[in-house]
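Worksheet for the structure shown next.
The values are calculated or read from the model by the stated rules, or taken from the named source; none is laboratory data. Note that the structure is predicted; figures quoted are calculated from it, not measured. Don't worry about glycine lacking a Cβ; one is built from the backbone with ideal geometry, like all the others, and counts go over all protein chains shown.
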Amino acid sequence: MDARLNLFGSPLAAQFLKHINSAGKVVSDSGLPDATQELVKIRASQINGCGFCTDMHTKDAAAAGETSTRLHLIAVWREATVFTDAERAALELAEQGTRIADAAGGVSDEAWAAAAKHFDTDQLIALVGLIAVINAYNRLNVIVRQPAGDYRPGMFG
């Protein structure tokens, strides 16, 4: 399978991605826990059907020490006992923020309150920014049908 566009060989794509990457760096350097960041990126990518990002972030999480049990249970986190209350709140916010068009009210007050209970203002800003950035990456990769499976941790950094 080949991508519809070569995002890695285009100067315009490189310029565009540089800005998204900069936004992602702000989030990754924030006080939001790294494990939470990876869980959110994986869950949004699963929902959006982005194989490229799911491949990347599951491999990055595993390389950072995430357990296979937790990685396998992200898609069914509500039924899993391996996630903290803070991670569960972040996953709920990520799901509602990713499926924003599916609910007339967008993100519920309950989901927001649960996240606000576990994360300070800067962490909430980082979490919202992360949800926005991963959704942008997902849409970009899904639209061009970026193939999944060949990612190696650190290959872009």
What is the residue count in region 49-107 for residues that are touching a Phe, Trp or Tyr at 6+ places or on another chain (Cβ under 8 Å) and of a type in the set (Lys, Arg)? 3
Hey, residue 28 closer than 24 Å to residue 121 by Cα, more than 13 Å from the chain's Cα centre (by Cα) and of a type in the set (Ser, Thr, Tyr) or not: no
Which residue pairs have Cβ atoms under 8 Å apart, sit 6 or more places apart or on different chains, and have a first residue in region 19-42 that is closer than 11 Å to residue 129 by Cβ and a second that is part of a loop (DSSP other than H, G, I, E, B) and not hydroxyl-bearing (Ser, Thr, Tyr)? 32/119
Any chance region 137-157 includes a residue that's of a type in the set (A, V, I, L, M), modelled with pLDDT under 95 and closer than 30 Å to residue 8 by Cα? yes
